[in-house]
1. Within the stretch 246-275, can you find the residues that are closer than 17 Å to Leu230 by Cβ and crowded, with 19+ Cβ neighbours inside 10 Å?
2. Could you check, for the stretch 175-192, whether at least one of its residues is more than 18 Å from Gly231 (Cα to Cα), at pLDDT 95 or above and polar (S, T, N, Q)?
3. How many residues are assigned to a strand (DSSP E or B) and either surrounded by fewer than 23 Cβ atoms within 10 Å (Cβ to Cβ) or free of Cβ contacts under 8 Å to residues at least 12 places away in the same chain (or both) if we restrict to the stretch 89-108?
4. Could you tell me whether Asp186 is out of contact with any Gly (no Cβ under 7 Å at 6 or more places or on another chain), farther than 20 Å from Gly298 by Cα and in contact (Cβ under 8 Å) with a residue 12 or more places away in the chain?
5. Search the stretch 144-173 for residues that are of a type in the set (Phe, Trp, Tyr) and pair each with any residue that is assigned to a loop (DSSP other than H, G, I, E, B) when their beta-carbon atoms are under 7 Å apart and the residues are at least 6 apart or on different chains.
6. Could you please find all residues in the stretch 147-191 being among the aliphatic types (A, V, I, L, M), part of a loop (DSSP other than H, G, I, E, B) and closer than 27 Å to Arg267 by Cβ?
7. How about the stretch 149-182: which of its residues are out of contact with any Asp or Glu (no Cβ under 9 Å at 6 or more places or on another chain), buried (at least 17 other Cβ atoms within 10 Å of the Cβ) and closer than 21 Å to Leu239 by Cα?
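The values are calculated or read from the model by the stated rules, or taken from the named source; none is laboratory data. Because the structure is a prediction, the values reported are computed rather than measured. Every residue, glycine as well, gets a Cβ built from its backbone with ideal geometry; the counts of neighbours run over all protein chains shown.
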Amino acid sequence: MSSLRRICAVGFVAATLTLTLFSCREGGSNAQHGVRNAPQDLQQQLEACRKQHAAQVSTAEVEALRAKLRSYEGVAEEEARRRTAMRRVMDSYSQSVCLIHGIFTLNERREKPLATSMDSEDKPLELEYLGSGFLADQSGLIVTNRHVAEPWWNNERVAPLLSRGLEPSFLQLTVTFPDREPVQVDPKTIRVSAEGADVAVLLAQVHDVPVLPLSNRDPAELRGERLMLLGYPTGLSALLARADPDVAHAALAEAHDTTMLIEALSRRHAITPVITHGTLSDATARQLIYDAVTTSGGSGGPVFGPDGDVIGVNFAILRDFQGSNFGVPIRFVRPLLP
């Protein structure tokens, strides 16, 4: 019985080994087939990925990209240059913008010489005003508006008096640059535009003041560009408001009129132009239109373009509307300069 069991057990083991070997051959064959196919599938996937992410850029496209990069660099350099120009305007050229102060009267031809008109209090008539200007030549020529150099020109209130035979004349005319004392101006040096533009020049003895560069560009090319406007809008009010309170109080305490107040502020280095920014919206043959904020007293100030050169002279505002202000193109100034 034991022998029979041993024979049966041996037979069972042999049969089991045979089935196992057969299974191993089948599995081995399938596994070997999978090993052969797996690298091929992987290679196809790698190739598809390579094609998808390949640059495939031609030589012409490379050059185009380089050109675009150079243009970007040029734009960045131009922007940096303009920022430098604007800083130069604020740091240096503001020293070239002066406060103009004038007092004039109207004379009657009742006798010779002319008799000065009297006011309602039977005092000699004195008409006072403030404006702006800037140095445009080493000889001391200062550019401003004609209505600042000749305040009776196109003046609606003065015109009726002139039509009645009254004649204007200056009692005082001064220019005051930042960090400098007021300088007297001889009214006989005033020259106005022969083309009827609102520009004029006058001569003053000034030293060590930088001359402002005048633009040679057509302002029409600068439409939409940023600009800067320098001047003395609101006159002494803005100067006093911007000054240190102690300086303002001290200047007011020792001054009894506008002339003395200007002198007091100049001694305290409190006369500096106001700087406003805006955009040149349009440029015609005879005027510039922009939105830089200004008001009375700012007339005659320089209008700087994006390159840091003077492109015009500020001359007018629209009452009750801050959207547009006006300037005279700088080309009208050139015939008045040497």
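1. Scanning the stretch 246-275 gives Ala270, Ile271, Thr272, Pro273, Val274.
2. In the first step, residues of the stretch 175-192 are kept if they are more than 18 Å from Gly231 (Cα to Cα); the result is 184-192.
In the following step, the residues that additionally are at pLDDT 95 or above were identified as 184-192.
Then keep just the ones that are polar (S, T, N, Q); that gives 184, 189.
Yes, the stretch 175-192 contains a residue that is more than 18 Å from Gly231 (Cα to Cα), at pLDDT 95 or above and polar (S, T, N, Q).
3. Start the filter on the stretch 89-108 by keeping residues that are assigned to a strand (DSSP E or B), which leaves 97-108.
So of that shortlist, the ones also either surrounded by fewer than 23 Cβ atoms within 10 Å (Cβ to Cβ) or free of Cβ contacts under 8 Å to residues at least 12 places away in the same chain (or both) come out as 102-108.
So the count comes out to 7.
4. Working: out of contact with any Gly (no Cβ under 7 Å at 6 or more places or on another chain): yes; farther than 20 Å from Gly298 by Cα: yes; in contact (Cβ under 8 Å) with a residue 12 or more places away in the chain: yes.
Considered against the rule, which asks whether it is out of contact with any Gly (no Cβ under 7 Å at 6 or more places or on another chain), farther than 20 Å from Gly298 by Cα and in contact (Cβ under 8 Å) with a residue 12 or more places away in the chain, Asp186 comes out as yes.
5. Hits for this filter: Trp152/Val158.
6. From the stretch 147-191, those among the aliphatic types (A, V, I, L, M) are 148-149, 158-159, 161-162, 166, 171, 173, 175, 183, 185, 190; that's our starting set.
The next check asks that each one be part of a loop (DSSP other than H, G, I, E, B); those that pass are 158, 166, 185, 190.
If the condition is that a residue be among the aliphatic types (A, V, I, L, M), part of a loop (DSSP other than H, G, I, E, B) and closer than 27 Å to Arg267 by Cβ, then Val185 is the only one that fits.
7. Thr174, Val175, Phe177, Pro178
Quick grid of which residues meet (1) farther than 19 Å from Pro273 by Cβ; (2) touching a Cys at 6+ places or on another chain (Cβ under 7 Å):
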residue: Ser169; (1), (2): yes, no
residue: Val175; (1), (2): no, yes
residue: Pro178; (1), (2): no, no
residue: Val183; (1), (2): no, no
residue: Val206; (1), (2): no, no
residue: Pro213; (1), (2): no, no
residue: Gly235; (1), (2): no, no
residue: Ala251; (1), (2): no, no
